[in-house]
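Written out below as structure tokens is the structure these notes cover.
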Amino acid sequence: MKEQTREDPKILAAAERQMQAWSMTASIEDDVVRMKGIQQLSGSMHSYLAISREAGAGGSTIAEIVGRRLGWDVLDKELLDRVAKRFHNNRMMLELVDETPSNWIYDVLGTWMDSKIIPHETYVVQLSRVVLAAAKRGNAIFVGRGAQFLLPREKTLVVRLVAAEQFRVENLMRVKSMTAAEAQRYLREVDQGRLEFGRRFFHHDVADPHLYDLVLNTGRLGMERAAELILAAIAKRFHA
């Protein structure tokens, strides 16, 4: 059955048309969600930190350090939990579309075969709603997932964390108990997925340093020092 589906040109053509219509509808809805959310948050008293990170550069660790020091909520993988709860999604299925390249064959044909599969477009709309809802509640730190493009720029300090490949490989070997080969493969796949996710759904190259208020090399600075610099930038930006 799967072989027939892949090879049948009529099914593939119909699926591609469906994906184009689906993508356009989701894109329009997502744009509306973003604009309304940003307008509502622009008058808010809350402040936000959005962290973009290379794989293995310590984004989650630094977010936790800053969050503890400030008493701010930290939303990293917790965003997936909130999307799953709010929209009654399968949490494991969200992992498959979280900051990964969009694949229309998976999105369209997959949903025909398994109702639990969540298309990338649907996930991004749901994610946008959850990010904006979390931002309305108070000061917060968002790790990845395009949050920097959903939050009002004047209310958000946007930081990019980078490091040399060797540092990131060693960090992943320590944190995730990977071999060097596994860590190198993970870096390539995750970084590429995040780049494609940002380009497709937010129309930006997340590796572009001009998008950020602060770009920090965690391999040279260390996690604690990088966190201290972020805290100093937040104090100057929002409390000066």
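The values are calculated or read from the model by the stated rules, or taken from the named source; none is laboratory data. Since we're looking at a predicted model, the values are computed, not measured. Quick reminder, even Gly has a Cβ in these numbers, built from the backbone with ideal geometry, and neighbours come from all protein chains shown.
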*Does any residue in segment 118-131 that is at negative phi come within less than 8 Å, Cβ to Cβ, of a residue that is of a type in the set (Lys, Arg) six or more places away or on a different chain, and which pairs are these?*
HIS120/ARG200; GLN126/ARG86; LEU127/ARG145; SER128/ARG34; ARG129/ARG86; VAL130/ARG82; VAL130/ARG86; VAL131/ARG145
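Please go through segment 150-166 and pick out each residue that is at pLDDT 95 or above and in contact with a strand residue (DSSP E or B) (Cβ under 9 Å, 6 or more places away or on another chain).
Correct list: THR156, LEU157, VAL158, VAL159, ARG160, LEU161, VAL162, ALA163, ALA164.
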_Every residue in segment 221-240 that is assigned to a helix (DSSP H, G or I), closer than 25 Å to VAL175 by Cβ and without any contact (Cβ under 8 Å) to a residue 24 or more places away in the chain, please._
LEU221, ARG225, GLU228, LEU229
*Checking ASP205 against (1) within 16 Å of PRO101 (Cα to Cα); (2) free of Cβ contacts under 8 Å to residues at least 12 places away in the same chain; (3) assigned to a helix (DSSP H, G or I), which test does it fail?*
(3)
_Of residues in segment 91-120 being charged (D, E, K, R) and modelled with pLDDT of 85 or more, the one farthest from the chain's Cα centre (by Cα)_ = ARG91
_For the structure I just gave you, tell me whether ARG237 is farther than 30 Å from PRO119 by Cβ and touching a Phe, Trp or Tyr at 6+ places or on another chain (Cβ under 9 Å)._
no
